[in-house]
Each structure stands twice: as C-alpha cells, then as structure tokens.
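S.K.: Quick one: the structure is below, and I'll ask about it shortly.
Derivation of every value follows stated rules applied to the coordinates shown; laboratory data play no part. Nothing here was measured: the structure is a model prediction, and the numbers come from that model. Backbone-built Cβ (ideal geometry, glycine too); neighbour counts: all protein chains shown.
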Amino acid sequence: MSILSRTWTSSHPPTAPKSTNPPPVRFGILGAANIAPSALILPARSCPEAEVTVVGARSLEKAQEFAKKNGVAKAVQGYEAVLSDPEVDAVYNPLPNGLHYEWTMKALQAGKHVLLEKPATNTAAESERIFALAKEKNLVVLEAFHYQFHPSAQRLKEIINSGELGGVQKITATLTAPGGFIKPDDIRFQYALGGGSTMDPGCYLTSMSRFVTGREPDSVLSASPVFQNKEQEPQIDRKMEFTLSFPALPAEVEGPTADCLCDLSTPWWGPFGLIPPMPDMSVRVQCERGEATLSNFVMPSFFHGITVSGPAGSRTERVYGWGKEGVEKGWKGESWWTTYRYQLQAFVDKVQGRVPQHWISGEDTVGNMRCVDMVYEKSGLGVRPESAFKL
Ligand SMILES: NC(=O)C1=CN([C@@H]2O[C@H](COP(=O)(O)OP(=O)(O)OC[C@H]3O[C@@H](n4cnc5c(N)ncnc54)[C@H](OP(=O)(O)O)[C@@H]3O)[C@@H](O)[C@H]2O)C=CC1
Ligand SMILES: O=C1OC[C@@H](O)[C@H](O)[C@H]1O
C-alpha cells in the first residue's frame, strides 16, 4: 500500500459491523480531549469488538459538540456521569496527567476497565495503587504506550533480541516537536496538572529505552532541563536531556546507557528564525557488532524505516503488518492500522479474555513511572505533585 492510501485509510477507516457474541466493549470517554479521536474514536470504527457509547466533559455544550463532530451517540455533563453509565464497560482516560490517578481510581471503583493515557500517573506510587486496585477488582488497566503495539517497534526489539548485532551498548532516543504547536497555556506546561517535557515526550523515551533493553535503569547519570517559563512555572521543563544507566548482564563488563532528548518546542532556526526544525522521533540502538535505528517510532503507520548495519551488511526494513508467522498465530492487523488501532485490539482482546498480541503490565508501567521520577529527581525539578485524591 502506498503512503498516500495508507494515510488516507488510517484517517478514514472502514466501518466494521459490531460483534454480537460477545458484544463489543462499550467505551466512555472522560473529557473532550484533542487526542481522543485519533487514539480511540477512529480505531473503534474499524474494530468489531469496540464501540464508543458516551463522552463526558466539564461542560455539557462541549461534550455535545464533541459528540456531534465525532459521531458519539451520547454526551453527558461531567465525568461521574460517564462512570455511572450502565452502558459503559471501559473508560478511556485522556485527562491531564495530574488527573489520571483520581479518575482511574474512581473508574475502577465504579467497576470499569481503563485505557489510561500516558504517562499513567504523576508518580510511581500512584501507579502502584492503581494496579493494586485493578487486581483486587479483577479489572483491566492499560497505559496507552501505543507505539509498542505496532509491528515496527516489535521488529526492532526482535532484531536486538536475535543477537545478530551483539549486546546493546548505547541507546539514543529522541522525541521533539517544532515550537509554536503547543500553546503556552497547554496542560503540558502546567505543574499542577502534571506537565513537563519529561512527563510528555520524555516518558516515551524512558519507555522505549526500557522496552529495548528489557531492563530497569539503576541510575540517572545526568538530567539537564531547559525551562519553558522559569518565573511562572519553576518546575516545568520545556526540554530535558538525560542519560539512563542500565545494569550489566552477567556476561557483560558494562551495562548499556540511554541518551534521551525530549523537547516540546524546538526553536526555529536560520535567518530571523524562519526555518522550522524537523520533528525527531527516532531511536538508535548501538550494539557490539552494529546498530539499528527506527525512525518515527511514534507514528510508524504513516512512514518509518528500520535501518540495520551489522556483520551481514546494511538493510532497511519497513514493517506495516505481521509477517507470515504472525498471521499464522492469528494476530490481527492491516498495513493501514495505526499504533492506536493495534493498541485497541490488544485492549479489547484482554477485556474479553483472549490473549492479546502484546501487553504492558502493571509492573512495566510502575517501572516507567519510577524512571520518570528518577529523571525529575536528578534534574532538581522534583517529581510531579501527588494527587490529593484519597479513595
Ligand atoms: N497517546 C498519544 O499519542 C497521546 C497522548 N496524550 C495524552 O493524553 C492526555 C490529554 O492530552 P491532550 O488530548 O493533548 O489534552 P487536551 O488538553 O486536549 O485534553 C485534556 C482534557 O482534559 C480535560 N480537563 C479536565 N480538567 C482540566 C483542567 N483543569 N485543565 C485542562 N483540561 C482539563 C478537558 O476536558 P473537558 O473536555 O472536560 O473540558 C480536556 O478535554 C495527556 O495525558 C497526554 O499525555 C496526548 C497526545 C497524544
Ligand atoms: O503522546 C504524545 O505524543 C507525541 C508528543 O509530541 C505529544 O506531545 C504527546 O502528548
């Protein structure tokens, strides 16, 4: 499929008839968030096992406008109304990071499964409490690290795990966005709402570094913030450069390191700042006998490449679906499926008792939040504020 038809089909997916036995998982959305159409509403359209039944927003008018625009049948005022809706089996929580904990805990108390936006919470301790409650209630919670569900990220990990390139020595992970797209009053720049560059693009880099190494970092060697507006928000990083250090395996002399760079607003350059910087969403894995780089790991369904150079020479792989082996295993997917569509399939499979193709466990989520906490502690900015919500 060409890039044009792939992009067109992912943004205009076919409408699948809904399953009857079992019936689809019915989703309620908390907030008329910008990300909700891409992350859930469009993916649900082509997913027989998912249906979006209701959206709730702080103002009823906003919820109604969002519902009309996105084809959601019901709009309600407030998030409690979503949680008490008997036509909701699972909640999608794309609230500001600082509200993830409170509303995920309330959703679990209300007996709903939760698809929870990244980063799961403000602190590792909050994530631990969420997964303890989910276990007690026998409910599913998934932190929406959508990139991991796409075949391209899994192929990168498979190449590393195959041993073709030898042990991992150094990771370079970057996620930057050109300045001007994220406005100064965005949730990402508000400490009280769990903002910060490390919380937003940065949490992908901690996640990706841990995903590729399969290890938890034992320390953060350095973490240098650039502030968005130091006077107004002295704990908000617009940009963070940090280096993680991972423990060595028994056969290794030294463990790998990960150099990470996240920036919510990369300055434009050239004469009078007229030239926008290209977004960088790449991960490079340098190993004993070669290296592999995955470009655009956040939106790979649009376009990506895995460039591998090692003892067998150099090659570029593009992975838009499962290979023969995956298809034989019954894994679902189409070349136009976005990361979010793959993620939704895994979520509904888990909720309906099937084995998902991939999963992110509670331990994994807690490990990632611990890593984000460690970066903030090393930077001197301090971890994000714990929620005042008590169960
Ligand atoms: N997986 C991915 O690719 C992406 C994930 N995200 C994550 O999704 C979440 C939302 O991001 P995004 O959609 O960009 O954010 P938005 O600002 O568009 O949405 C946040 C929603 O939170 C609600 N809200 C509740 N309280 C507040 C408050 N005090 N201030 C502001 N908003 C409030 C608003 O809902 P209401 O409608 O009720 O007013 C709003 O719609 C974040 O956790 C972010 O990290 C974001 C982008 C991409
Ligand atoms: O989840 C996200 O994906 C890409 C980022 O640039 C964005 O700010 C973030 O919220």
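S.K.: With a point put 7 Å past each Cα toward its Cβ, work out how far residue 132 is from residue 8 in nm, to one decimal.
M.R.: Taking the simple label geometry, residue 132 and residue 8 are separated by 5.3 nm.
S.K.: Can you compute the radius of gyration and Dmax for region 3-146, using only the Cα atoms, both in Å?
M.R.: 15.0, 46
S.K.: Follow-up. Output ³J(HN,Hα) for region 336-342: one whole-Hz value per residue in order, computed from phi by the Karplus curve 6.51 cos²θ - 1.76 cosθ + 1.60 with θ = phi - 60°, and x for Gly and Pro.
M.R.: 8, 4, 7, 3, 5, 5, 4
S.K.: Residue 301's amide H: which non-local residues (gap 5+, or another chain) put their own amide H closer than 5 Å, with H modeled 1.01 Å from N in plane and none for Pro or chain starts?
M.R.: Distant-sequence amide H within range of residue 301: 339.
S.K.: ³J(HN,Hα) across region 229-241 via Karplus (A = 6.51, B = -1.76, C = 1.60, θ = phi - 60°), whole Hz, x for Gly/Pro?
M.R.: In residue order, the calculated couplings are 7, 4, 5, 7, 9, x, 10, 9, 8, 7, 9, 9, 10 Hz.
S.K.: Could you go through region 12-27 in sequence order and give the Karplus-derived ³J(HN,Hα) for each residue, using 6.51 cos²θ - 1.76 cosθ + 1.60 with θ = phi - 60°, rounded to whole Hz, and x for Gly and Pro?
M.R.: With the stated coefficients, region 12-27 comes to 10, x, x, 8, 8, x, 7, 5, 10, 9, x, x, x, 6, 9, 9 Hz.
S.K.: List the pairs from 106/332; 118/378; 68/332; 239/378; 18/329; 137/157 whose alpha-carbon separation is above 25 Å, in the order I gave them.
M.R.: 106/332; 68/332; 137/157
S.K.: At residue 280 and residue 318, where each label point lies 7 Å from the Cα along Cα→Cβ, what is the point-to-point distance in nanometres?
M.R.: If labels sit at residue 280 and residue 318, their model points lie 2.3 nm apart.
S.K.: Next question, about the same structure. Taking +1 at the Cβ of each Lys and Arg and -1 at the Cβ of each Asp and Glu, which of 168, 10, 81 sits farthest along the dipole of the chain towards its positive end, judged by Cα position relative to the Cα centre?
M.R.: So the residue furthest toward the plus end is 10.
S.K.: Also, I was wondering about something else. Given only helices, namely DSSP H runs of n ≥ 4 each adding -39500 (n - 2.57), what is the per-residue ellipticity at 222 nm of the chain, to the nearest 500 deg cm²/dmol?
M.R.: -9000 deg cm²/dmol
S.K.: Follow-up. Which of rounded, prolate, oblate describes region 13-97, given a ≥ b ≥ c as roots of the alpha-carbon gyration tensor eigenvalues and a/c under 1.5 marking rounded, otherwise prolate only if a/b is larger than b/c?
M.R.: Prolate is the answer for region 13-97, as a/c is 1.5 or above and a/b outweighs b/c.
S.K.: If you don't mind, there's one more thing I want to ask. Whole-Å semi-axes of the chain's equivalent ellipsoid, largest first, each the root of 5 times a Cα gyration tensor eigenvalue?
M.R.: After diagonalising the Cα gyration tensor, the semi-axes are 31, 26, 21 Å.
S.K.: Distance from the Cα centre of region 230-247 to that of region 170-210, in angstrom?
M.R.: Cα centroid to Cα centroid, the span is 9 Å.
S.K.: Let me ask something additional. What size of dipole, in debye to the nearest 20, comes out for the chain about its Cα centre when the only charges are +1 on Lys and Arg C-beta atoms and -1 on Asp and Glu C-beta atoms?
M.R.: Computed about the Cα centre, the dipole is about 920 debye.
S.K.: Using modelled backbone amide H atoms (1.01 Å from N, in-plane), which distant-in-sequence or interchain residues come within less than 5 Å of residue 85's amide H?
M.R.: Answer set, sorted by chain and number: none.
S.K.: What FRET efficiency do you get for residue 185 and residue 65 if R0 is 22 Å and r is their Cβ-Cβ distance, rounded to the nearest 0.05?
M.R.: 0.65
S.K.: When only Cα pairs under 8 Å and 6 or more residues apart are kept, what is the percent relative contact order across the chain?
M.R.: In percent, rounded to a whole number, it is 19.
S.K.: Cα centroids of region 69-116 and region 1-31: how far apart, whole angstrom?
M.R.: 20 Å
S.K.: Name the shape class, rounded, prolate or oblate, that the alpha-carbon gyration tensor gives for region 263-356, where a ≥ b ≥ c are the square roots of its eigenvalues, rounded holds for a/c under 1.5, and otherwise prolate holds if a/b is larger than b/c and oblate otherwise.
M.R.: Numbers: a/c = 2.78, a/b = 1.45, b/c = 1.91.
Oblate, because a/c is 1.5 or more while a/b does not exceed b/c.
S.K.: Using modelled backbone amide H atoms (1.01 Å from N, in-plane), which distant-in-sequence or interchain residues come within less than 5 Å of residue 335's amide H?
M.R.: So residue 335 has HN proximity to no qualifying residue.
S.K.: Could I ask something else about it? Out of region 326-391, which GluC sites (Glu not before Pro) are coil in DSSP terms and have no more than 15 other C-beta atoms within 10 Å? Before the final figure, lay out each step's value.
M.R.: Working: sites: 328, 334, 363, 377, 386; in loops: 334, 386.
Counting only loop positions with at most 15 other Cβ atoms within 10 Å, the GluC sites (Glu not before Pro) in region 326-391 are 386.
S.K.: Continuing with this model, one more query. Work out how much length residue 388 to residue 221 would gain on full extension: take 0.36 nm times their residue separation and subtract the Cα-Cα distance, in nm to one decimal.
M.R.: Difference between extended and current length: 57.0 nm.
S.K.: Right, another one. Quote the FRET efficiency, to the nearest 0.05, computed for residue 158 versus residue 20 with a Förster distance R0 of 41 Å and r equal to the Cβ-Cβ distance. Each step should come with its number before you reach the end.
M.R.: Details: r = 36 Å, r/R0 = 0.88.
That gives a FRET efficiency of 0.70.
S.K.: Based on Cβ point charges of +1 for Lys and Arg and -1 for Asp and Glu, what charge dipole magnitude is obtained for region 3-146 about its Cα centre, in debye rounded to the nearest 20?
M.R.: Taking the Cα centre of region 3-146 as origin, the dipole is about 320 debye.
S.K.: Charges at C-beta only: +1 for Lys and Arg, -1 for Asp and Glu. How large is the resulting dipole of region 1-80 about its Cα centre, in Debye rounded to 20? Working shown, then result.
M.R.: Details: 9 positive and 5 negative charges, 26 e Å.
The dipole of region 1-80 has a size of about 120 debye.
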